[in-house]
Each structure stands twice: as structure tokens, then as C-alpha cells.
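*Asks:* Below is a structure I'd like to ask you about.
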2 protein chains.
Amino acid sequence: MTADSSDVLIAELRAGLPDEAVVTDPDRLASYRQDMATFCPAGTPAVGVLARETAHVQHALRVASRLGVPVVPQGGRTGLSGGANAVDGCVVLSLEKMDRIIEIDPANRIAVVEPGVVNAVLSRAVAEVGLFYPPDPSSWEISTIGGNLATNAGGLCCVKYGVTTDFVRGLEVVLADGEVLRTGRRTAKGVAGYDLTRLFVGSEGTLGVITQATLALRPASQEPRTVAALFPTLAAAGDAVARVVASGLVPSLLEFMDQRSLRAANAYRNMGLPEHAAAMLIAQSDAHSDQAGADIAAIAAVFSGAGGFDVVEAENAAEGDLLLAARRDSHFALEALGSRLTDDVCVPLSLLADFVQRVEKVAADVGLTVAVVGHAGDGNLHPNVMFDADDADQVRRAQHAFDEIMRIGLEMGGTVTGEHGVGLLKREWLARELGPVSLRVHHELKRLFDPQGILNPGKVLATEIADAPPRP
Amino acid sequence: MTADSSDVLIAELRAGLPDEAVVTDPDRLASYRQDMATFCPAGTPAVGVLARETAHVQHALRVASRLGVPVVPQGGRTGLSGGANAVDGCVVLSLEKMDRIIEIDPANRIAVVEPGVVNAVLSRAVAEVGLFYPPDPSSWEISTIGGNLATNAGGLCCVKYGVTTDFVRGLEVVLADGEVLRTGRRTAKGVAGYDLTRLFVGSEGTLGVITQATLALRPASQEPRTVAALFPTLAAAGDAVARVVASGLVPSLLEFMDQRSLRAANAYRNMGLPEHAAAMLIAQSDAHSDQAGADIAAIAAVFSGAGGFDVVEAENAAEGDLLLAARRDSHFALEALGSRLTDDVCVPLSLLADFVQRVEKVAADVGLTVAVVGHAGDGNLHPNVMFDADDADQVRRAQHAFDEIMRIGLEMGGTVTGEHGVGLLKREWLARELGPVSLRVHHELKRLFDPQGILNPGKVLATEIADAPPRP
């Protein structure tokens, strides 16, 4: 983009937006360049738009459409795949300031929100009226509902409650040309027309910009009961997960940490976790009244039966939080150890231990540490490949390990991304996972909603469609 | 279609299909003309294809694409909106013979099935290994999974477990040109690419033909406990539903019958239900161990508190079934009284009683009986407009009432179809519900997947796109 065309863009944006909604200062703009992904290129935006209302988003998209300028929508920029990274000369369109909770309707158990509402803010607001918004990505204190919707975020409670898309009733979306599309409904059920709502959820801003969401809520759940156990081998931990599933128990959380992530937790906050264990599992139940205690006792027995040791049932919620702290902090504990690439593979539950063992072999082969944490109850694991970013050879080996882990995930019938999304990081792997027919349909849908290719270009799908052969 | 072109079609179909897969006998073909909808036109098919495998579906679609012949996919033809009705000169493509349960995988809680598997057959098969497939449309003994997927079928347990789309992990779909698309995954979580799976679910065969589905299962639930109560007024019954919701209780079923449907039940099977009540509510809980009993006691107390009388808690499952029998049989009980048009409006829960009262006013205005049953816990009600099909004036009034009920549903923030689908019956009402932008996007998606318009033409969307203004 030339200086002149950038001036035209900024002038046209200003013509329909309040002054404070248009950011041109390079220092301020720099903070909108990228999300939290490692190793993802980020361009330099021409301008930032901090939308306060749907009309601002419409104006930005109309101008961008007219001038053929790329638009990169952003929420809290906490993504891990580069999906919110700027491209050169783009408009970064931040939805953070559209942060109103428009309505909480306890009688119909729904909330209507703008996309900039932080997940934790919504969760606390609905809790005040005895309700519960389950999706709880680890970033919940800083990530926005809009970002959660764009990436179909998961979290710790998915094993019982599902992911973001399971709690969306309807959306308001601004299309590439600035028109407003309303999808879905407020009611509990409805089959009027195609499910456009879930087509936009998880599309990472490549098909339209979500400006409002009607979300389903649940009755508040009970304070959870917690149990944790250590396992002598990965196989024993995997077996324990399989036995919990086979038992028909429905924990509200079932998390996994391997030995390396236990060590990282000790190094980070001196958690005093036994470092000789191969793995730790942590489970919770939030079932009503006495059932939670019964569930946790049953899960404790399953853990023991599978070879678990140091099986600890929390006496109360505070002790439960303490048991879970190592897992909740693992992002920071691992970050403190240096650079890393975080994988996000989801495999069939029955292959959990096999998968982790194959990841360990990858780590040994490349001579790097790979620390595995994850949502065992869903088969969704996050192997973290640790490396020294100043050592070019380590970087190369880390990237190889990162790819190899996805290859193994696919080979085991899994997916390359359970909850982090594709963004820039996994575009080529998405193409492998989808295969040529699905990839072509993806490109066709992208062209339908975004014929000029201005919406978050290069994310999810490559802009050049070499990976999408035309119909025969 | 001329006799000649019909001969070409049949010859080309036979060239790639076993003899028994091609039906040309007019008497046999007649049985494939329509589903169970009232007042929906059905054409005369040119030929029937009874597919036994995906390759048969591919062949049929390749031939149909080449010749530009419409294809109407069919499951059990139990639909209530004409979505499976033949159009003149079409290929009726029955998936009923693709009825294999390919795999039940308890370790990963999934089943892989062909579309012709009857819902009840799958439900029983998974129950044998301690698992549970929740979606339970009233037609579950005769409707197929493929039909359930095509219409995103609901049922009685949705209030706790959700609808068909909530249990679909992945699909195999044959596209209009005969290519095979695989969507989704086997794993519990996954965000790799756009949610094509849920785009096909509920699309009523207008975007592609589902030939295989990977379905999520749950652990078996407990045998449910049941409570029923009568209410002196509709307002009291509506209040009871609102209070159950507000209490945070999660029944596994919460059904409604009005006075007219109670009378129909008595007439049908001498159920001995008190006919002076304005409405009956029936609730179940399948929570674990003692919780179900506690839930039912709490719901009974809520019912009493809202003015319910004759509050009966079932002593055992058999008695629970008996309490539920009147509701389960209401389809047949009402059918026995003559012709009817069954509506399927879903309204916000808080407006349930208001909605039924407005339906009663509509009935009084047109001078016909409207019997209301439905899934109170979801706000999804089925007002049945009763009429004499031989009386042209009654027919006209019945159609007016049917439309008026949808108009009221929309006015109250509801949807014209909670679970029965659009088919032929509600096309114009779908257009009203969606509005021009969404309708245009629907037509664009239809053209993307079916450029020739051969897939179930005229269902969901009108074939002439007068209702879809071009982009400005």
C-alpha cells in the first residue's frame, strides 16, 4: 500500500467513524499487530479501527470493500495460531470496545452480548443470577466472547459441557460488503433454514465479522469436588482415562500432565509435586448434591485400580483449586522455561497413552523436551515443544517435532487442532486433514462470502488457491 | 419429462446399479411419492433408486447431474413438512436399504452408521453396550437416522440433551456431481476448518445426500422417574414451566398437553384423564441414583406451588410409562379425530402460556378445534388444527389458523419450525423468518452446492428465486 492509498483509506474511514475509533499512531498500531502465537509472521497495519457499534464495523467493511483493503478482525489477541495477526496494509478491526452485555434473560436462560465482552466478565455476570456459561478456555480472564466464537474455543469443562459452538443460539454478522446478517434464533430449538450460525463459529473471521451473539446459559452447577492421582507410567494414566469413560462416569473436568510439565510446575511455583511420576490426572465432578462426592470417590477408585498412587480427594473447594493450580498455571510454568511451540492435537480417547508415548519418541528423536498437558477426557492434548529460539538448529528441530506430532495425530484418526484453530500456523496441515474435496468446498465457501478476499486473508486457507484444485 | 427422456434416465441408472436397486413399477413407485405431511403436493417420480451403498448414490447423482433430472432423497418418509415428497419426473433416492450400523465404539463413545438405520434400532443397539443415543423424535420407531439428520430432528429429551445436530461428529456426503465429501471428525473436539457437518444437518437434502454419519453417544442414563400434574388454567401451567426453569432443575423431559388433547387421549384409549383440567404437564428426571427422585419431588412441589392438582409421582418405570402414554399417543389420538394441520412453533419459554392463549383465540376466531401438545421445557409446541377435509370452508379456515399461529410465533420472537423442518409446507414462512439478507445467503449456498438445482428442488427454498433479491 502506498502512502497515498493509505491516506485515502484513513480519510474514508474517518468520514464515517468518530475520531477516537481510528488509530494511526504507529506505536499504538504496533500493539495490534499480533496475537500470542509463536513463529507466526505479522504484517504492519495501515490503520486500526476500534469499533464501538455495529455501524462502525459496517462502515469499515464498506470502505475496505470499496478500496479492496484487507481487514483483520481482532478480539483480545490471545489466540495461539496467528489468526488475529495483521497483514501488511490492512485495517485491524478491533471489537474489544464493543463490550456490552446487552441482556441476561434468566427466564429463557440466554445472554445477548457484544463480541468484546471478556469471557470471565460474562461468566461472573451470569453467575450473579444463578446461571452458568460453560465454555472456559484457559485464557478466559483475557479472551473475548468474539474471539471465543471466531475460534470455537474449548476449555477445561468441555468433557461434560461441550465447546463454544454448543452454546450459541444466534449471531449478528457483518458481511464483507457491510451488510448485516442475522442468523439463528433466541429459542431453545429451531430448524428454520441452514445452520449459518455454526458456519460462522470457528471460521476465524474469514467469512464475516461477528458483532453480536445470543448465547445459551445453563443453571449454575454445584461447587466441584476434585481428585488427583499420580501414575507410574503413561500407559497406566491412559488406562485410567479409558476406565473412567467405560464406567459411564461424567466428570466435569479430566486433565492430564506429564512428568515434564509436573517438573515445570515445581520449577515455576515449587508445587512440591512428585517428579518421579510419569503423569498426573486431575478430575472434578460438579454433579448435584451428594452425586459429586460419589462420582469423585468412584473416579478415585478407578484411578487406584489403574495403578494410580498418591490419590488425593480435595477436602473442599479451596483444596480442589490448589490441586488444579499446577494444571491451570502450566501455560506460564512452561513459558518460564523458554520458547515453545504448543500443539493442539485431539485423538480418539482410546489412543491417548499411545499418542503421548509417540510424542515422547519424537522428543527423543529431535533431542528436545516436549511437555504434554491437556484435556484427557476429550483426547485433546497440548504437547509443548521446548527450544532455544537463539539456536537455529533447535528451532529447526522444534518445528520438525511440531509437525511430526500433528502427523501422528492425523495418522491416529485425530485432528490437528482440537481448540486453538488454524490461523496461519496450521494452514498446510488443515489442507492435509481436509483432503482435496473438502478443501475445495472450503475455498468455494470463502469465495461466496468474501469474493474479494479481504476478510482476514491468508488465515485458515491460503490466499493463493494452489491447494484448491478446480472442479474437474 | 417425456417417455423417451425417462427411458434414457432409467437406462443410464441401470448401467451402474444392480437390477433390484432400480424401481420402475408404477405401483411400487407410488409408495415413494410422499411423506406424512398434510396438504403438501407430491409429484410422480420417473424412477426410484434404492441405494445399497455410497457408490449407488454417487452413480445416481452423476446420472441426474448429466441429465439435469431432480433427485429427491428419502429416509423413512415420516416427515411432516413434505420435504421427502416427489417432484414430477424425479429420481426418488431412497437410503432405507443403507441400514448398516458400521461400528459402535464404546471406548470413544461413537457410532458410525449408514443413513437408513432406524433410530430405535440404533438406540437399542447402543443400549446393549451401556450407551445412549439421545435424539428421540416421536417417530423414532420408524424414522431413519438419515431423515433425522436431514431435518435435524428433535424429540422429547431435547430439554436436557439437545437435538440431532448436537450428536453428530462427522458425515460422509455425496455432492450434487457425485463426489464424496467427508466432514468433521471422530474425536470429541476439533476446529479444523469450517463446520460443514452442521451445514448439512437440517438442510433437508437440498445441499447433498448424507451416506454415513459418525454420531456421539453418552453413557446410559438412569431409568427415569416421572411426575404428572393437572392445571386449572393455561397460565398456571405456563407459570409451572417457568418456575421449573427458574429453579435450576434439569428435567430430562417436560411435556405439555392442553384440555383438547387430553380429551382426544380419553376418546382414543379411555385414559380416564380429568377433562376439566386446562392442561397437564409431565416431567421426568433420569439423573443418577437418588438425584432423580429428589428432582421429581422438587418438580412436584413446583407444580403444586403453581396451582397444579392431582400431582402424581410414578411409583416405578411402568407407571411412569403409563403417565407418559397419553402424550406419546397424542399423534394417533388426534389423527383418529380427523384431518389436521400440525404446527411446530418454538417460542421463548417465558411466553409459553401467552402463546397457548393466543392459539386458543385463533381457534375461537376460525371456529375450529386446535389441540396443543408439545415440548414445554423447550418452548416447542405443536398446535393441531382439526378440520373436516371434505368441507372446503373448514379447509380454508384451518389453513388460515395454521398460518396465523406461525405469525404469532414469529411476533413473539419464536421460530416457525422447532423440529419438523421447512419442506414444502413452510417455505414462505421461512422467507419471512429469515429476512432478505439471510434468504439471499441461503440461495447463494444452495447454488454453490447445487448449481443445477437438482437436489430436492423446491424444498426449503422456492426454486424460482423471486424471494431472493439479487445483491444491490
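*Asks:* Which percent of Cα pairs goes in each bin when the distances of the protein assembly as shown are cut into 10 angstrom slices starting at zero?
*Replies:* Spelled out per bin, shortest first, that is 2, 12, 21, 24, 21, 13, 5, 1, 0.
*Asks:* Something else about it: Which lysines, if any, have their Cα less than 22 Å from the Cα of B:Lys189, not counting same-chain residues under 8 positions apart?
*Replies:* A:Lys160, A:Lys426, A:Lys459, B:Lys160
*Asks:* Separate question: Copy-to-copy spacing for A:Gln222, label 7 Å out on the Cα-to-C-beta vector, in nm, shortest first?
*Replies:* A:Gln222 label point versus its equivalents elsewhere: 1.1 nm.
*Asks:* If you wrap a convex hull around the C-alpha atoms of the stretch A:1-133 and split its volume per residue, what is the figure in Å³?
*Replies:* Given the Cα convex hull of the stretch A:1-133, per-residue volume reads 118 Å³.
*Asks:* To the nearest Å, what is the center-to-center distance of the stretch A:321-375 and the stretch B:185-235, using C-alpha atoms only?
*Replies:* Each part reduced to its Cα centre gives a spacing of 32 Å.
*Asks:* Could you tell me which GluC sites (Glu not before Pro) in the stretch A:261-335 are loop residues by DSSP with no more than 13 other beta carbons within 10 angstrom of their beta carbon?
*Replies:* Working: sites: A:Glu275, A:Glu313, A:Glu315, A:Glu319, A:Glu335; in loops: A:Glu275, A:Glu315.
Sparse-neighbourhood loop GluC sites (Glu not before Pro): A:Glu275, A:Glu315.
*Asks:* Got the relative contact order for chain B handy, in percent, Cα pairs under 8 Å and 6 or more residues apart? Let's see the in-between values first.
*Replies:* On the way: 1046 pairs, mean separation 70.5, N = 472.
Relative CO of chain B lands at 15 percent.
*Asks:* Stokes-Einstein diffusion coefficient for the stretch A:1-74 at 37 °C in a medium of 0.692 mPa s, Rh from the Kirkwood formula over Cα pairs: what value in µm²/s? Let's see the in-between values first.
*Replies:* Values: Rh = 12.9 Å.
D = 254 µm²/s.
*Asks:* From the P(r) of the stretch A:377-471, could you give the percentage of C-alpha pairs in the tail past 16 Å? The partial results should precede the final answer.
*Replies:* Numbers: 2770 of 4465 pairs.
Result for the distance tail: 62 percent.
*Asks:* What is the Rg over Rh value, at two decimals, for chain A, using alpha-carbon atoms and the Kirkwood definition of Rh?
*Replies:* Details: Rg = 22.7 Å, Rh = 23.2 Å.
Ratio of gyration radius to Kirkwood radius for chain A: 0.98.
*Asks:* If you wrap a convex hull around the Cα atoms of the stretch A:221-374, how much volume per residue is inside, in Å³? List each step's numbers first, then the result.
*Replies:* Details: hull volume 16.8 nm³, N = 154.
Looking at the stretch A:221-374, the number lands at 109 Å³ per residue.
*Asks:* Measuring from a point 7 Å past the Cα of B:Glu275 along Cα-to-C-beta, which residues in the stretch B:203-236 have an amide N at less than 16 Å?
*Replies:* None, by backbone N distance to the label point.
*Asks:* Right, something else. For every helix of n ≥ 4 consecutive DSSP H residues, a contribution of -39,500 (n - 2.57) applies; sum these over chain B, divide by its total residues, and give [θ] at 222 nm rounded to the nearest 500 deg cm²/dmol. Please list the in-between numbers first.
*Replies:* Details: 15 runs with 173 residues, N = 472.
For chain B, the value works out to -11500 deg cm²/dmol.
*Asks:* If you take the beta carbon distance between B:Asp388 and A:Ala120 as r and set R0 to 56 Å, what does 1/(1 + (r/R0)^6) give as a FRET efficiency, to the nearest 0.05?
*Replies:* Numbers: r = 60 Å, r/R0 = 1.07.
In this case the efficiency is close to 0.40.
*Asks:* Counting Lys and Arg as +1 and Asp and Glu as -1, each charge on the Cβ, what is the dipole of the stretch A:225-411 about the Cα centre in debye, to the nearest 20? Please report the intermediate quantities before stating the final value.
*Replies:* On the way: 13 positive and 27 negative charges, 35 e Å.
Magnitude of the dipole: close to 160 debye.
*Asks:* Could you work out how far the C-alpha centroid of the stretch B:60-79 sits from that of the stretch A:386-440, in angstrom?
*Replies:* For the stretch B:60-79 versus the stretch A:386-440, the Cα centre distance is 39 Å.
*Asks:* So for the pair B:Thr44, A:Asp321, with labels modelled 7 Å out along Cα→Cβ, what separation do we get in nm?
*Replies:* 7.5
*Asks:* Also, I was wondering about something else. Compute the distance in nm between two label points, each set 7 Å from the Cα along the Cα-to-Cβ direction, one at A:Ala297 and one at B:Asp354.
*Replies:* With each label placed 7 Å out from Cα toward Cβ, I get 4.8 nm.
*Asks:* Would you grab the residues whose amide H sits under 5 Å from the one on B:Phe132? Only those 5+ places off in sequence or on another chain, please, with H modelled 1.01 Å from N.
*Replies:* Here B:Arg218, B:Ala220 satisfy the definition.
*Asks:* Any idea what the dipole of the stretch A:376-472 comes to, in debye rounded to 20, about its Cα centre with Lys/Arg Cβ at +1 and Asp/Glu Cβ at -1?
*Replies:* On the way: 11 positive and 15 negative charges, 106 e Å.
Value, rounded to 20: 520 debye.
*Asks:* Right, another one. Counting other C-beta atoms within 10 Å, which of B:Leu254, A:Leu341, A:Leu67 has the fewest, and how do the rest follow? Intermediate results must be reported in sequence, preceding the final value.
*Replies:* Working: B:Leu254 26, A:Leu341 23, A:Leu67 16.
Neighbour counts put them in this order, fewest first: A:Leu67, A:Leu341, B:Leu254.
*Asks:* Between the label point of A:Glu319 and that of the same position in each other copy, find the distances and list them shortest first in nm, with every label point placed 7 Å from Cα along the Cα-to-C-beta direction.
*Replies:* 4.1
*Asks:* For label points placed 7 Å from Cα toward Cβ, what is the shortest-first list of nm distances from A:Ala125 to its copies?
*Replies:* Listed shortest first, these distances are 4.6 nm.
*Asks:* At 7 Å along Cα-to-Cβ for each site, give me the label-to-label distance between A:Ala267 and B:Ser304 in nm.
*Replies:* For the pair A:Ala267/B:Ser304, the computed spacing is 6.3 nm.
*Asks:* Now for a separate question. Normalised by the residues of the stretch A:235-333, what does the relative contact order come to in percent, with Cα pairs under 8 Å and at least six apart?
*Replies:* On the way: 105 pairs, mean separation 34.8, N = 99.
It rounds to 35 percent for the stretch A:235-333.
*Asks:* Looking at the axis that maps chain A onto chain B, which chain A residue has the closest Cβ, and how far off is it in Å, rounded to a whole number?
*Replies:* Per the Cβ-to-axis criterion, the result reads A:Arg198, 2.
*Asks:* Another question, then. For the stretch B:339-467, calculate the relative contact order in percent as a whole number, restricting contacts to Cα pairs under 8 Å that are 6 or more residues apart.
*Replies:* Numbers: 174 pairs, mean separation 34.0, N = 129.
Rounded, it is 26 percent for the stretch B:339-467.
Every number in this text was worked out from the coordinates using simple rules, so none of it is lab data. What you see is a predicted model, and the numbers here were worked out from it, not measured in a lab. All Cβ positions, glycine included, derive from the backbone under ideal geometry; neighbour counts span all protein chains shown.
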